[in-house]
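One structure is given below, encoded as structure tokens.
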Amino acid sequence: MAEAVSQTNEPYSISNNLEIFSLIWLDDKTNSNEAVENIKSSVRTIINHLITFQNEETCQQYIEKRPEEDRLILIINDSFSYTLVPRIHQLRQVYAIYIHCKNTLANEEWIIKFTKIKAATIKFDELIAQIRLDQKKRMKDEQPLLINIFSTSENAGKSTTGLNGQFVYNQLLIDCLLRMRPSTEQDKNELISICKREYQGNSRFLNQLEEFQNDYSPKKVLWWYTRDSFFYKILNKALRVQNIEILFLFRSYISDIYHQLQYYQFKTPIRIYRSQLMAKEEIYSLKRNINQYISVNSFLSTTVQRETALFFMGEGNPEGNLQRVLFEIDADPSVVSMKPFADITSHSDFPIETEVLFMLGSIFRLNNVVLEDDQLWVITMTLYSDNEHDLKQLLSHMKDQNGNGKADLSTLAKIVWKMGKFNLAEKYYLRLINEIPSNDPILIKLYEDLGDITSHKGDYDASIQWYNKALEIREKNPSFNIEKNTKIGDVFEFIDYRNPKLEKIIKQSYSRSRIDLSEQKLVDSEMKIVVKEAIIKKQCTKLYLTDNPITAKGAFILASGLKNNSTLQSLNLSDTRIGDSGIQCIADALSTNNNIIRALIITNIGLTDKGAEDLAVMLKRNKTLIYLSLSANELGDEGIAILSNAVQNHNNTLEFLDLSYIKWMTELSLEFLVLMLTYTQALKVLNIYSRNLSIKNENRLKKVAQANKKTRITVNDSWIALKYAFSYA
């Protein structure tokens, strides 16, 4: 784990941060001396994670590479501010800017142009005081609201990246953590050790850690959660980014909060309020899902006073794409048993007039989304009733699948496995194996599950080894009544499956090079050979599978190999039959952090608006893809809108997008493309070939691209030449 303080003039490196906010200090005089070290110590009592830069270009590279979900607070020397601020101000990850002026204050008229500049002072003490004041306010009312949507429509999708998939797996995860045995001393020591490394050299939070070790009790958990402490900061960040390893170590404290909320549960119906700044696209997403269900995947702090909620949000226009939002929530404890909510005012370290805290994972029905005359969005919701049929059946099924008794590491491992986190699932299985006796019959099942996981990862040799371990125990202990894993035969079948012609083509290819398997009449089962021989053994960098009768089943096999790919940079699946279901699998694989694919060519695969949703989720998470070709597919205006929004607001790496010959694109798509071209950060080339666009609108698109200056657009002409200007495909 990276230290909390670092200084660099080297090309940017992404470091871990266990808190939501990070502080960046750009100044050419940050070389260590007593004054500088005192400043570092002071600002780290506010925001622990501090990175200093002396080089403007290196600083900008670091900022641009950070995920847009990050919250970066910048302190900038005025000599850098005039050139750097205009270049980074529009980035979503840049949350606030403070300017340190050496001799005279920065030009006030210039400052007004940039709404994220919160202060410009000569004295550093005044700057630090302002950051401290602002950050205390952010802690309460500007923490992001983590929402998953459950749609009752048939097209919502069940993949781990689809709307309903995210909703279900988050509920499963929370349920599992609450049912697991309390943290062991090993778990507690591991958490404390992680925190000590994170806060190394930060006396304020190290003292808190010592206090926590000595004085924590379950009855004090609400005080610790509401306090400006490491406990609140790390838990909220873990919930936000779904850091399951940290949440696992926090499970006892999450359970303590749950039981305290149960104990102090409201007894009568209540209406409460929560103010929030939200991005426009998040609001529109909710607006499209009225009468559906949402789960809030963090603890939700609210107040019974509407005026108090609005006061915390403040007045004035928020920056950039953010909008002022007020949630109006009706909650009736008589119809809810799953997730408690309580008045925690008397237990809070930050007392406001009747603070009501909702349990992590609370579910609400979304009633309405309305923009009022004062440009305030009002979102009305009702706490989910246990008797609502649409969800009752699903949640009952979840409990049946996940068990109702105590959960253990194998339960958690199975959930993260279903979420596509194979390495983490493998880690928890191995941890459990080390904790149980060597003669425990459950080892058979654990070894077989490890065989399944490594098979999904494409590591078939390891898979066979795990299955053999399970078979050895079965043979030595015939009395063990453990149901046999039916998937074992599939893996042995794969090992035995041969296609000499295909194997010869792959073996004749050079390692770490392009492998072209186009027009080979390959079928789904042969994708197992492609994964093993081309991706794993040959470690190819480009893989062409165009014009083969591969379906979604073959895409699933390919996706399993991609999730731990370390060399493949370009994948071409054009003119196959993988369709929307196949794209779900590929998009899921490309959403993982260890993916390195830079080019994805999926022309003429039967992609519709449904598949566009999975691609959009992938674009929000993926940080490597720069080339995406979707030409000759069956997308409509809704699919174009979904993709345009993802590129416009959530992606800062995609450089090339081909939307030529899209079957159902109409003039309506133009509005979404214009917005995308206006605000995109990275896109350099957009190709469109559509007979449905008028000459007037063709010219409009070109004009927008010219104004952007960074993006080159070709509409109905010369698109082939540009397509091959990118070597990644």
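The values are calculated or read from the model by the stated rules, or taken from the named source; none is laboratory data. All of these numbers come straight from a predicted model, not from anything done at the bench. Every residue, glycine among them, receives a Cβ derived from its backbone with ideal geometry; neighbour counts consider all protein chains shown.
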Among the residues of the stretch 44-73, which ones are crowded, with 17+ Cβ neighbours inside 10 Å, touching a residue at least 40 places away in the same chain (Cβ under 8 Å) and within 16 Å of Ile20 (Cα to Cα)? Arg44, Ile46, Ile47, Asn48, His49, Leu50, Ile51, Arg66, Asp70, Arg71, Leu72, Ile73
Scanning the stretch 469-490 for residues that are at pLDDT 85 or above and not acidic (Asp, Glu), the one surrounded by the most Cβ atoms within 10 Å (Cβ to Cβ) turns out to be Ala470
Which of the residues belonging to the stretch 106-123 are more than 17 Å from Asp27 (Cβ to Cβ) and either among the aliphatic types (A, V, I, L, M) or not assigned by TED's automatic domain parsing to the domain that holds Ala35 (or both)? Ile111, Ile112
Requiring at least 2 residues that are at pLDDT below 90, the strands (runs of 3 or more DSSP E) wholly within the stretch 577-695 are 685-688
Only one of (1) in a helix (DSSP H, G or I); (2) in the same structural domain as Arg306 (by TED's automatic domain parsing); (3) at pLDDT below 80 fails for Phe350. Which number is that? (1)
Scan the stretch 51-71 and tell me whether some residue there is part of a loop (DSSP other than H, G, I, E, B), at pLDDT 90 or above and not β-branched (Val, Ile, Thr). yes
Residue list for the stretch 417-439, restricted to those being outside any helix (DSSP H, G or I) and modelled with pLDDT of 90 or more: Ile436, Pro437
Only one residue in Leu590, Leu628 is in contact with a Phe, Trp or Tyr (Cβ under 9 Å, 6 or more places away or on another chain) and either surrounded by fewer than 20 Cβ atoms within 10 Å (Cβ to Cβ) or of a type in the set (A, V, I, L, M) (or both). Which one? Leu628
Could we say that Ser334 is outside any strand (DSSP E or B) and in contact with a helix residue (DSSP H, G or I) (Cβ under 7 Å, 6 or more places away or on another chain) here? no
So is Ser217 among the small types (Gly, Ala, Ser), more than 26 Å from the chain's Cα centre (by Cα) and either outside the structural domain of Ile415 (by TED's automatic domain parsing) or at pLDDT below 95 (or both) or not? yes
Whichever residue in the stretch 102-121 is within 20 Å of Ile39 (Cβ to Cβ) and modelled with pLDDT under 90 and, among such residues, is surrounded by the most Cβ atoms within 10 Å (Cβ to Cβ): Ala106
Considering only helices (runs of 4 or more DSSP H) wholly within the stretch 163-227, the ones with at least 2 residues that are touching a Ser or Thr at 6+ places or on another chain (Cβ under 7 Å) are 163-179, 203-215, 221-226
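Okay, residues lined up against (1) closer than 20 Å to Thr380 by Cβ; (2) out of contact with any strand residue (DSSP E or B) (no Cβ under 7 Å at 6 or more places or on another chain); (3) buried (at least 19 other Cβ atoms within 10 Å of the Cβ); (4) charged (D, E, K, R):
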site: Gln242; (1), (2), (3), (4): no, yes, no, no
site: Glu245; (1), (2), (3), (4): no, yes, no, yes
site: Ile257; (1), (2), (3), (4): no, yes, yes, no
site: Lys267; (1), (2), (3), (4): no, yes, no, yes
site: Tyr273; (1), (2), (3), (4): yes, no, yes, no
site: Leu286; (1), (2), (3), (4): yes, no, yes, no
site: Ser295; (1), (2), (3), (4): yes, no, yes, no
